[in-house]
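Accompanying notes for the structure given below.
Any read-out appearing in this document is the output of simple, stated calculations on the displayed coordinates, not a laboratory observation. None of these values were measured; they are calculated from a predicted model. Backbone-built Cβ (ideal geometry, glycine too); neighbour counts: all protein chains shown.
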């Protein structure tokens, strides 16, 4: 216990970043997150990790296989320390004092070794800036790094990890990123950053992210070199064992339809049980399904994306043929998925299943697998909330490699 490495996760979301650090052996003291449903997911997962440490995971599997209500599950196997450690309060202003007080009680005079997190990225993302008439200049989320810094100042961790989108580098011609780094350095941290490709960590999607790491000045720490996964895998390896679905079909708990694959075994995605949860697809109207079918055929036959202007007139719903013409996108079954984002919670047009025999968008479980969440990771709050949490998450496989390399030095 003396060698415990304690961490706080800020802007936690559903806990993709945290999952990687817990799996690497770090000890979570607190998660701070504004979204109540994401907080429910965090609490459920923390109870899972507690039961896993006690060799009692069957109790967790009874819950996610719907043999027990969530209320009974938390009452029997949760505890106040876990529920208090998930802090559902917006970071910033006077709220910080409340959050600090809660964390101090959880710490019991121990030290924080690490702070991790990535503030909401909409204000930095290229898409967000393009959609906003002021290009996000007046968005308060631009300055959430200052709130992150207040936690660094209070808890003086040895190391911190700040994850965000590549647009952070170019926002306001680089001013935000430059100011951010200056701000962190004033608090006594050396820092460096790289742009990482998620597929180098085994994640089956093209996702580019800034990984900024800071460490206390004067300490023997260097920015890690991450091990690269050299094997090439394709999305087909995470779709082939799941049951076929119709649009709107609900397989909240179902058996696997086919044997596992090399990828699912190697990266421990299909882990520990003979059933899978949340393999549910959103319903679609007939017009969208006709469009999906055209998009699927075009992609599978010619590797070409469907452009909105190319649709038959009877399938078009608006006259704007210049903006967002690529809103219908099929997932590449023979390669990597395009980046998973939170918009998948609003519609599935950008994540169409790559098969004319299953004309639909991705299920919750398929989206979770593309983000490298293990199959026993359960998202609370229903289908839409699950999609939002998945789209906003840091892939756990990526997080785990970062965690292992930091742990080696700490």
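For the chain, what relative contact order do you get, as a whole percent, if you take Cα pairs closer than 8 Å and at least 6 residues apart?
On the way: 723 pairs, mean separation 77.0, N = 410.
Value for the chain: 19 percent.
Please list, in order, the residues from region 233-265 whose amide nitrogen is less than 17 Å from a point placed 7 Å along the Cα→Cβ vector of residue 305.
none
Suppose we take every Cα in region 1-87 and form the convex hull; what volume per residue is that in Å³?
On the way: hull volume 8.3 nm³, N = 87.
Measuring per residue, one finds 95 Å³ for the Cα hull of region 1-87.
Select from 64, 352, 169 the residue whose mean-square fluctuation is largest in a Gaussian network model of the chain (Cα-Cα springs shorter than 10 Å).
In the Gaussian network model the winner is 169.
For residue 169 and residue 232, calculate 0.36 nm times their separation in residues minus their Cα-Cα distance, and state this gained length in nm to one decimal. Kindly include the intermediate steps, with their values, before the conclusion.
On the way: separation 63, 0.36 × 63 = 22.68 nm, distance 2.91 nm.
Working it through step by step, the gained length comes to 19.8 nm.
Give me the one-decimal nm value for the distance between modelled label points at residue 355 and residue 216, 7 Å along each residue's Cα-to-Cβ direction.
Roughly 5.3 nm, to one decimal.
Sort 106, 336 so that the residue with the fewest other Cβ atoms within 10 Å of its own Cβ comes first and the one with the most comes last.
Details: 106 17, 336 20.
Ascending Cβ contact count within 10 Å gives the list 106, 336.
Mind giving me the nanometre distance, one decimal, between the label points for residue 275 and residue 108, set 7 Å out from Cα along Cα→Cβ?
Label at residue 275, label at residue 108, 3.5 nm between them.
Once you order the gyration tensor axes a ≥ b ≥ c over the Cα atoms, which shape class does region 300-410 get: rounded for a/c under 1.5, otherwise prolate or oblate by comparing a/b with b/c? Walk me through the numbers before you get to the answer.
On the way: a/c = 2.28, a/b = 2.05, b/c = 1.11.
Prolate, since a/c reaches 1.5 and a/b exceeds b/c.
Testing the spin-label approximation: label points 7 Å from Cα along Cα→Cβ at residue 72 and residue 384. State their distance in nm.
Label at residue 72, label at residue 384, 2.9 nm between them.
How big is D, in µm² s⁻¹, for the chain by Stokes-Einstein at 25 °C and 0.890 mPa s if Rh is the Kirkwood radius over C-alpha pairs? Don't skip to the end; give the middle numbers.
Details: Rh = 22.3 Å.
For these conditions, the coefficient is 110 µm²/s.
If every alpha-carbon in region 235-390 counts as one equal scatterer, what log10 I(q)/I(0) does Debye give at q = 0.13, 0.15, 0.16, 0.21 1/Å?
-0.59, -0.77, -0.87, -1.43
From the Cα gyration tensor of region 244-285, with a ≥ b ≥ c the square roots of its eigenvalues, which class applies: rounded if a/c is under 1.5, or else prolate if a/b is larger than b/c, or else oblate? Numbers along the way, then the final one.
Working: a/c = 2.71, a/b = 2.19, b/c = 1.24.
Prolate, since a/c reaches 1.5 and a/b exceeds b/c.
Say a paramagnetic label sat at a point 7 Å from the Cα of residue 153, along Cα to Cβ; which residues of region 77-118 have their backbone N under 17 Å from it?
Correct set: 91-101.
Using the alpha-carbon atoms, what tilt in degrees (0 to 90, nearest 10) does helix 396-409 show relative to the longest principal axis of the chain?
That helix lies at roughly 30 degrees to the long axis.
Please compute the contact order of region 235-390 in relative form: average sequence separation of alpha-carbon pairs under 8 Å and at least six residues apart, divided by the residue count, as a percent. Walk me through the numbers before you get to the answer.
On the way: 259 pairs, mean separation 44.3, N = 156.
Relative contact order for region 235-390 comes out at 28 percent.
Please give the helix 144-155 orientation as an angle from the longest Cα principal axis of the chain, in degrees from 0 to 90, rounded to the nearest 10.
The two axes meet at around 30 degrees.
Give me the number: length gained by fully extending residue 262 to residue 329, i.e. 0.36 nm times residue separation minus the C-alpha to C-alpha distance, one decimal in nm.
Values: separation 67, 0.36 × 67 = 24.12 nm, distance 2.67 nm.
Net length gain for the segment: 21.4 nm.
Arranged by the count of other C-beta atoms within 10 angstrom, fewest first, what order do 23, 182, 219 take? Walk me through the intermediate numbers first.
Values: 23 17, 182 9, 219 13.
Result, fewest neighbours first: 182, 219, 23.
Answer rounded, prolate or oblate for region 339-389, using the Cα gyration tensor with square roots of eigenvalues a ≥ b ≥ c: rounded when a/c is under 1.5, else prolate when a/b is larger than b/c, else oblate. Don't skip to the end; give the middle numbers.
Values: a/c = 1.81, a/b = 1.39, b/c = 1.30.
Prolate, since a/c reaches 1.5 and a/b exceeds b/c.
Taking a virtual spin label 7 Å from the Cα of residue 297 along the C-beta vector, which residues in region 308-330 bring their backbone nitrogen under 13 Å of it?
Under cut-off, by backbone N: 311-312.
Using only alpha carbon pairs under 8 Å that are at least six residues apart, calculate the relative contact order of region 299-410 and give it in whole percent.
Details: 114 pairs, mean separation 23.9, N = 112.
Across region 299-410, relative contact order equals 21 percent.
Of 356, 384, 44, how do they rank once you tally other Cβ atoms within 10 Å and put the fewest first?
Numbers: 356 11, 384 14, 44 24.
Fewest-to-most Cβ neighbours within 10 Å comes out as 356, 384, 44.
Per DSSP helix of 4 or more residues, -39500 (n - 2.57); summed, then divided by the residues of the chain. What does that give at 222 nm, rounded to the nearest 500?
That calculation yields -10500 deg cm²/dmol at 222 nm.
For an R0 of 60 angstrom, estimate the FRET efficiency from the Cβ-Cβ distance between residue 84 and residue 313 and round to the nearest 0.05.
Values: r = 58 Å, r/R0 = 0.97.
With a Förster radius of 60 Å, E is 0.55.
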